Amino acid sequence: MTSAPEDQGPGMAAVAVESVLRELLALHQTVAARLRAVGVRWGLIDTDVRVMLFLSDHPAATVKAVRDAALVTSGTATVMVDRLQRAGLVAREPNPADRRSSLVTLLPIGHAVVADVRRALAPAGGADTAALLDALQFVRSALSAEDA
């Protein structure tokens, strides 16, 4: 049985974290390529695809929420929502709780794009995904706590 990296000294733990980071970067590139391929099929850019995934999990989101999820400026988020609306992928409705903002929802064709994305990512799903998510959140928390 091999011992855990922390049992082998701080140097081994750092090597293990570096290996995890390399795998995370490789995973990010693989997922980005799959998202890009779906986007190309639908005539969308990567950010559009990510926003549509966000909207599928957050129906009736404000443009501000879209901005925050996409990590873009307010102007960019507005242009993006306008583009998705013109393409018939989303609808924008007045926000009944705040007349200064609007709510963005996926339309049926937008849901079809999201279904296509989920099919493209399906091979990575399964029971191990939850364990991986827990492990990643643990590492992020541990590294964040160290900064405090």
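Each value in this text was obtained by applying a stated rule to the coordinates, not by laboratory testing. Every value quoted in this text rests on a predicted model; they were computed, and no experiment measured them. Cβ: placed from backbone, ideal geometry, glycine included. Neighbour counts: every protein chain shown.
If you fit an axis through the alpha-carbon atoms of helix 46-57 and take the longest principal axis of the Cα set of the chain, what angle between them do you get, 0 to 90°, nearest 10?
Tilt of helix 46-57: around 90 degrees.
What 222 nm value per residue comes from the helices of the chain, counting each DSSP H run with n ≥ 4 as -39,500 (n - 2.57) and dividing by all residues, nearest 500 deg cm²/dmol?
Values: 6 runs with 101 residues, N = 148.
Counting only the DSSP helices, I get -23000 deg cm²/dmol.
Quick one: longest stretch of the chain between exposed loop trypsin sites (Lys or Arg not before Pro), exposed meaning at most 13 other C-beta atoms within 10 Å and loop per DSSP?
In the chain, the maximal stretch lacking such sites is 1-98.
Once you've got the GNM for the chain with C-alpha springs shorter than 10 Å, pick whichever of LEU27, LEU89, LEU35 has the biggest mean-square fluctuation.
Greatest mean-square fluctuation among the candidates belongs to LEU27.
So if each residue of separation counts as 0.36 nm, and I subtract the Cα-Cα distance between ALA60 and ALA37, what length gain in nm does that give?
Working: separation 23, 0.36 × 23 = 8.28 nm, distance 2.65 nm.
My answer for the length gained is 5.6 nm.
Looking at the chain, I'd like the Rg to Rh ratio, where Rg is from alpha-carbon atoms and Rh is Kirkwood's inverse mean 1/r. Don't jump to the answer; show the numbers that get you there.
Values: Rg = 19.4 Å, Rh = 17.8 Å.
Using Cα coordinates only, the ratio equals 1.09.
How large is ³J(HN,Hα), in whole Hz, for each residue of region 108-117 in order, when computed from phi with the Karplus curve 6.51 cos²θ - 1.76 cosθ + 1.60 and θ = phi - 60°, using x for Gly and Pro?
x, 5, x, 5, 5, 4, 4, 4, 5, 4
Using a simple spin-label model with points 7 Å from Cα along the Cα→Cβ vector, what separation in nm is obtained for ALA142 and ASN95?
So the two model labels end up 3.9 nm from each other.
Treating region 32-73 as a set of equal point scatterers at the Cα positions, no solvent, please give the Debye-formula log₁₀ I(q)/I(0) at q = 0.27, 0.34 Å⁻¹.
-0.90, -1.09
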